[in-house]
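The values are calculated or read from the model by the stated rules, or taken from the named source; none is laboratory data. Every value quoted in this text rests on a predicted model; they were computed, and no experiment measured them. Positions of Cβ are backbone-derived with ideal geometry, glycine not excepted, and every protein chain shown enters the neighbour counts. What goes into the accessible areas is simple: the full protein's heavy atoms, side chains included, and nothing from ligands, DNA or RNA. Shrake-Rupley method; radii C 1.70, N 1.55, O 1.52, S 1.80 Å.
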Amino acid sequence: MKVSKGELIREIDKYSIEKLGIPSIILMENAALGVVKHLMLNEKEYYVVICGRGNNGGDALAVTRHLIAAGKKVSVFSIGLNPMSKDCGVNHDILCNMGVKITNISNVEDIEFLRDSIIRSDVVVDGIFGIGLKREVRGVYDLAITVINETSKKTISIDVPSGFSGDTGEVFGNCIKASKTITFETYKRGFLNYGSHEYTGEVVIEKIGIPDFVVDKYHNKEFFLERKFIQKKTKERALYSHKGNYGHVMVIAGSEGMTGASTIATKAAVKSGAGLTTLISCEDALQAVRNFVPEAMWKKNDDSQGIETLMGKVNSIAIGPGLGKSNETLNNVKRVLKNTDGTIVIDADAINVLEGKTNLLKEAKGNVIITPHPGEMARLTGMEIKKIQSDRIEIAKEFAREYGVIVVLKGYNTIITNGEVSYINPTGNGAMANGGMGDCLTGIIASLCAQGYSPMDASCIGVYAHGECGDKVSEHKFVVTATDIIDNISKTIKELT
Ligand SMILES: NC(=O)C1=CN([C@@H]2O[C@H](COP(=O)(O)OP(=O)(O)OC[C@H]3O[C@@H](n4cnc5c(N)ncnc54)[C@H](OP(=O)(O)O)[C@@H]3O)[C@@H](O)[C@H]2O)[C@@H](O)CC1
Ligand SMILES: Nc1ncnc2c1ncn2[C@@H]1O[C@H](COP(=O)(O)OP(=O)(O)O)[C@@H](O)[C@H]1O
Ligand SMILES: [K+]
């Protein structure tokens, strides 16, 4: 599923109209038909439609015509005094020719009439502003939005909830809180912002008849991960294969008092299919792994020579969980970046020690994947967490491009990007928000890298499977722990093959 800003929509619109000769009114009609599908015509009888003066309002007027044709009771309100867009005007005139009364909202009394109509209605269709909103919502617009939010039983927004920026996720003063948003062609970038769900409700994408090649021509390669895409990439284990076919993962993790992180990352690597897994750590952590992950091998962290030799042989290295923020951790990160040409997954304290030293990433011999949560990303970039949350894709992309790494920016809707192509993960849930969950993901991604998946594929499959596993467990559990994921990840990956 493609993700984009409004700019792309304007470009594909222009291309379809000017180069393909599709009249814009046809696109508007298709948009309206896409919305009508979601208006529960079998259940609901009375609709209030509120239209602005641009094309979003035009869509809403075309929706009104279809509701009337379906025999529904409809009250139509047009808000504002600015001139109508051409196609909005066309649909307005058609309704006038049909004898449909359109009530203009221009003052406070009109707002009270709107309130009464909404109270009596089953559904409100919001066509006030779409992607053309550019400035603060004021006056009657502000009042109308408040009244809708206060009184509507169910609000369906056309393209974006009015008042919401499809590009940035900002609210321009006031905003519709929709139950559902029917958006066109692409998932709007702003919907990815934390908190946007409060305004958009469920988001549905409807095609409006623009051929895929036109969208691809302008699309900046941002996608929602889809199950079928992950399934295509995830391979069955071959009949005649042996452990040598599935690679060797080195896990550098754990320290005194933080042996859980190393056990989790190591076990996650084993359980998600690595041929061999070796933990490098302190004696306490090795003891835990001997007890809880008998399949894994181990090496004490003071065996410098042995470790460096092994680093040159393994297929991937996961470094960071539970290492502690120390000079020793920093030296380990430098050593890994210098000595392995396998893929390196950098997490937790291995990220933290790179604060102010991110240039080290540019010296990596192998491919690098970093898996920060927003707090770690903030430390790494020197930005505030709030800033990271407000522009996650762009910040992750820029970092990936600048340092030549893959960034897995974790959290709700984890972002995976190499700076060129970006994926947004839809799986996972709040039940997974507890310690150890990230360590587990690190083990899974490193394991998939060792098995021969490209770093980008390993990141996408790992993040998707980790979240899907959490979703399945959470169907019957209040909290999902890393141990739950470890116990079920093998089954989840199998289901994805
Ligand atoms: N290819 C597609 O996907 C297709 C998209 N389509 C649809 O078109 C929509 C985009 O339409 P759009 O460009 O006409 O802009 P839209 O959102 O209606 O807003 C502009 C209007 O709002 C006004 N206005 C703005 N801010 C304001 C404020 N704060 N306070 C008050 N007024 C304000 C602005 O006034 P002005 O700035 O001109 O004075 C103007 O009147 C898109 O979201 C989708 O629904 C379909 O029709 C089919 C093809
Ligand atoms: N609300 C949520 N929705 C989706 N995924 C979540 C949610 N909360 C946590 N997760 C996932 O759980 C993991 C938590 O990682 P992290 O914060 O590094 O935990 P820790 O450092 O304790 O191991 C990430 O993969 C994250 O995407
Ligand atoms: K809208």
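Extension gain ARG335-THR483, at 0.36 nm per residue separation less the Cα-Cα distance, in nm? Intermediate values should be presented prior to the final figure.
On the way: separation 148, 0.36 × 148 = 53.28 nm, distance 3.02 nm.
That works out to 50.3 nm of additional length.
At a 1.4 Å probe radius, which order do THR259, THR186 fall into by accessible area, largest first?
So the residues, ranked largest to smallest area, are THR259, THR186.
Hydrodynamic analysis of the chain uses the Kirkwood radius over alpha carbon pairs. Inserted into Stokes-Einstein at 10 °C and 1.306 mPa s, it gives a translational diffusion coefficient of 64 µm²/s.
The simple spin-label model puts a point 7 Å past each Cα toward its Cβ; for LYS325 and LYS221 those points are separated by 3.4 nm. Our note on the geometry: Cα centres of segment 268-303 and segment 392-406, 31 Å apart.
Compactness check for segment 3-220: Cα Rg over 2.2 N^0.38 Å is 0.94. Placing pseudo-labels 7 Å out from each Cα toward the beta carbon at LYS243 and LYS362 gives an inter-label distance of 4.1 nm. For a straight C-alpha distance cut-off of 26 angstrom, the lysines reachable from LYS72 (same-chain residues fewer than eight places away being disregarded) are LYS37, LYS44, LYS101, LYS153, LYS154, LYS177, LYS180, LYS207. The convex hull drawn around the Cα atoms of segment 396-444, when projected onto a plane and averaged over every direction, covers 3.7 nm². Here the calculated FRET efficiency for LYS228 and LYS134, from their Cβ-Cβ distance with R0 = 45 Å, stands at 0.75, rounded to the nearest 0.05.
Hey, any idea what Rg/Rh is for segment 351-497, computing Rh the Kirkwood way over Cα pairs? Show your work: numbers first, answer last.
Working: Rg = 14.9 Å, Rh = 15.5 Å.
Looking at segment 351-497, the ratio lands at 0.96.
Subtracting the Cα-Cα distance of GLU202 and VAL90 from 0.36 nm times their residue separation leaves 37.3 nm of extension gain. Protection proxy ranking, highest mean first, for peptides 153-166, 480-493: 153-166, 480-493, where packing is the per-residue count of other beta-carbon atoms within 10 Å, averaged. Looking at the chain alone, DSSP beta bridges between its own residues are antiparallel in about 15 percent of cases. With R₀ set to 60 Å, the beta-carbon distance separating ARG10 from LYS313 gives a calculated FRET efficiency near 0.70. Taking θ as phi - 60° and the Karplus parameters 6.51, -1.76 and 1.60, the scalar couplings of segment 220-233 work out to 9, 6, 10, 9, 7, 5, 10, 4, 5, 5, 5, 4, 5, 7 Hz in sequence order, x denoting glycine and proline. For segment 337-353, putting each phi into the Karplus relation 6.51 cos²θ - 1.76 cosθ + 1.60 with θ = phi - 60° gives couplings of 4, 7, 9, 10, 9, x, 7, 10, 9, 9, 9, 6, 5, 5, 7, 4, 6 Hz, in residue order, rounded to whole numbers and with x for Gly and Pro.
Report the chymotrypsin sites (Phe, Trp or Tyr not before Pro) located in segment 233-294 that are in a DSSP loop and have at most 16 other Cβ atoms inside 10 Å of their Cβ, or state none. Walk me through the numbers before you get to the answer.
Numbers: sites: TYR240, TYR246, PHE292; in loops: TYR240.
Within segment 233-294, the qualifying chymotrypsin sites (Phe, Trp or Tyr not before Pro) (loop, at most 16 other Cβ atoms within 10 Å) are TYR240.
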